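*Asks:* One structure follows; several queries about it will come next.
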Amino acid sequence: MTEQDVTRDERAAELAANLAHVRRRLATACEEAGRHWREVTLVAITKTFPATDVRRLATLGVTDIGENRDQEIRAKLPDLTDVPVRWHFVGRLQRNKARSVAGYADLVHSVDRTELVAALDTAAQKERQEPLGVLLQLSLDADTKRGGVTDADLLALADRVAAAEHLRLRGLMAVAPLDADADAAFARLAAASQRLRAQHPEATAVSAGMSGDLEAAIRNGATHVRVGTALLGGREKLVR
Ligand SMILES: *Cc1c(COP(=O)(O)O)cnc(C)c1O
């Protein structure tokens with residue numbers, strides 16, 4: 001072991017222990033819900049943590065990495081050209097970042113308005129061979145300032161994505177409201193997913209659940225959980 005080998009240092013051991021704990025939580029939640037653990041993809045949310053942590057997680061077998069800011073992902077990618085992970089974009093997306101995100105993302109979790117659909121479709125055509133995977137972010141509270149399309153506008157937005165040649169509609173994403181019961185919130189997401197699949201049977205993904213509420217998400221049919229703190233530790237408040 002050399003000092004430079006970041007995949008075998010103290011931090012790597014800490015991440016391994018955290019990952020084992022999260023995987024046990026996922027396995028237990030799946031078992032209790034009568035689901036197979038393979039139905040749920042763990043997306044490690046590495047925002048504010050360095051590229052070396054992405055490398056460590058990949059070495060530990062994590063295949064899916066998510067972040068919420070294009071600029072931060074862009075800064076890490078040059079250090080990770082030899083690290084084979086799928087990138088998930090989970091944050092508020094500005095139209096002028098569409099082309100950048102289309103260049104590296106496997107799945108964009110946060111599409112919530114029609115102007116983004118057109119921008120991402122054009123971007124995907126320019127930047128990719130394969131269509132870009134898209135989840136529609138559903139707002140689970142009345143306040144859409146935190147992002148998300150309303151229940152009322154969901155199916156119209158879904159039709160837009162499905163009609164876009166270079167995008168592939170894959171499902172829904174949501175963040176549980178801070179002050180609400182996570183089970184109740186994710187049950188509404190599950191109901192919306194059912195309505196979506198009635199129109200678009202291929203849109204089976206449900207991205208829900210974070211460090212604090214992944215069990216509730218799995219009980220309510222999540223196929224992707226987005227886990228940051230429980231894997232990587234607490235984040236410093238991000239200064240912009
Ligand atoms: C940061 C973030 C997460 C991870 O949250 P934790 O509570 O740290 O697990 C999940 N989803 C989104 C959209 C995020 O921005």
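*Asks:* Taking the Cα centre of the stretch 1-70 as origin, sum charge times position over the Cβ atoms of Lys and Arg (+1) and Asp and Glu (-1), and report the length of that vector in debye to the nearest 20.
*Replies:* On the way: 11 positive and 12 negative charges, 37 e Å.
So the magnitude is around 180 debye.
*Asks:* Could you look at the chain and say what percent of its accessible area is carbon and sulfur, using a 1.4 Å probe and all protein chains?
*Replies:* 47
*Asks:* I need the shape label for the stretch 100-214. Rule: rounded when a/c is under 1.5, else prolate if a/b > b/c, else oblate, with a, b, c from the alpha carbon gyration tensor.
*Replies:* Since a/c reaches 1.5 and a/b is larger than b/c, the shape of the stretch 100-214 is classed as prolate.
*Asks:* Where Lys and Arg each count +1 and Asp and Glu each count -1, what net charge lies around Leu138 among other residues with Cβ under 10 Å from its Cβ?
*Replies:* So the environment of Leu138 carries a net charge of -2.
*Asks:* Write down the accessible area per residue of the chain in Å², having rolled a 1.4 Å probe over the full set of protein chains.
*Replies:* 50
*Asks:* Test of understanding: express the Cα radius of gyration of the stretch 192-233 as a ratio to 2.2 N^0.38 Å, with N the residue count.
*Replies:* Details: Rg = 12.2 Å, N = 42, 2.2 N^0.38 = 9.1 Å.
Against the compact-globule rule of thumb, the ratio is 1.34.
*Asks:* Something else about it: How much length is gained on full extension from Glu165 to Ala118, taking 0.36 nm per residue of separation minus their Cα-Cα distance?
*Replies:* On the way: separation 47, 0.36 × 47 = 16.92 nm, distance 1.02 nm.
Between Glu165 and Ala118, full extension yields 15.9 nm more.
*Asks:* GNM on the chain, C-alpha springs below 10 Å: top fluctuator among Phe49, Phe89, Phe186?
*Replies:* With Cα springs under 10 Å in the chain, the top fluctuation among Phe49, Phe89, Phe186 is at Phe49.
*Asks:* Under the rule a/c < 1.5 gives rounded, and otherwise a/b versus b/c splits prolate from oblate, where does the chain land using the Cα gyration tensor?
*Replies:* oblate
*Asks:* Okay, next question. Choose one answer from Arg226, Arg56, Arg74: the residue with the largest mean-square fluctuation in a GNM of the chain with alpha-carbon springs under 10 Å.
*Replies:* For the chain, modelled as a Gaussian network with Cα springs under 10 Å, the answer is Arg74.
*Asks:* For Asp79 and Ala187, what does the FRET efficiency come to when R0 = 41 Å and r is the distance between their Cβ atoms, rounded to the nearest 0.05?
*Replies:* FRET efficiency, Asp79 to Ala187: 0.50.
*Asks:* Net charge within 9 Å of Leu15 by Cβ-Cβ distance, Lys/Arg positive one each and Asp/Glu negative one each, not counting Leu15 itself?
*Replies:* 0
*Asks:* Right, something else. Identify which of Ala29, Ala124, Ala13 has the largest mean-square fluctuation in a Gaussian network model of the chain, with springs joining Cα atoms closer than 10 Å.
*Replies:* Ala13
The values are calculated or read from the model by the stated rules, or taken from the named source; none is laboratory data. Remember, it's a predicted structure, so these values are computed and weren't measured experimentally. Methodologically, a virtual Cβ is constructed for each residue, glycine included, from the backbone with ideal geometry; neighbour enumeration extends over all protein chains shown. Side chains included, ligands, DNA and RNA excluded: accessible areas come from the protein's heavy atoms. Shrake-Rupley method; radii C 1.70, N 1.55, O 1.52, S 1.80 Å.
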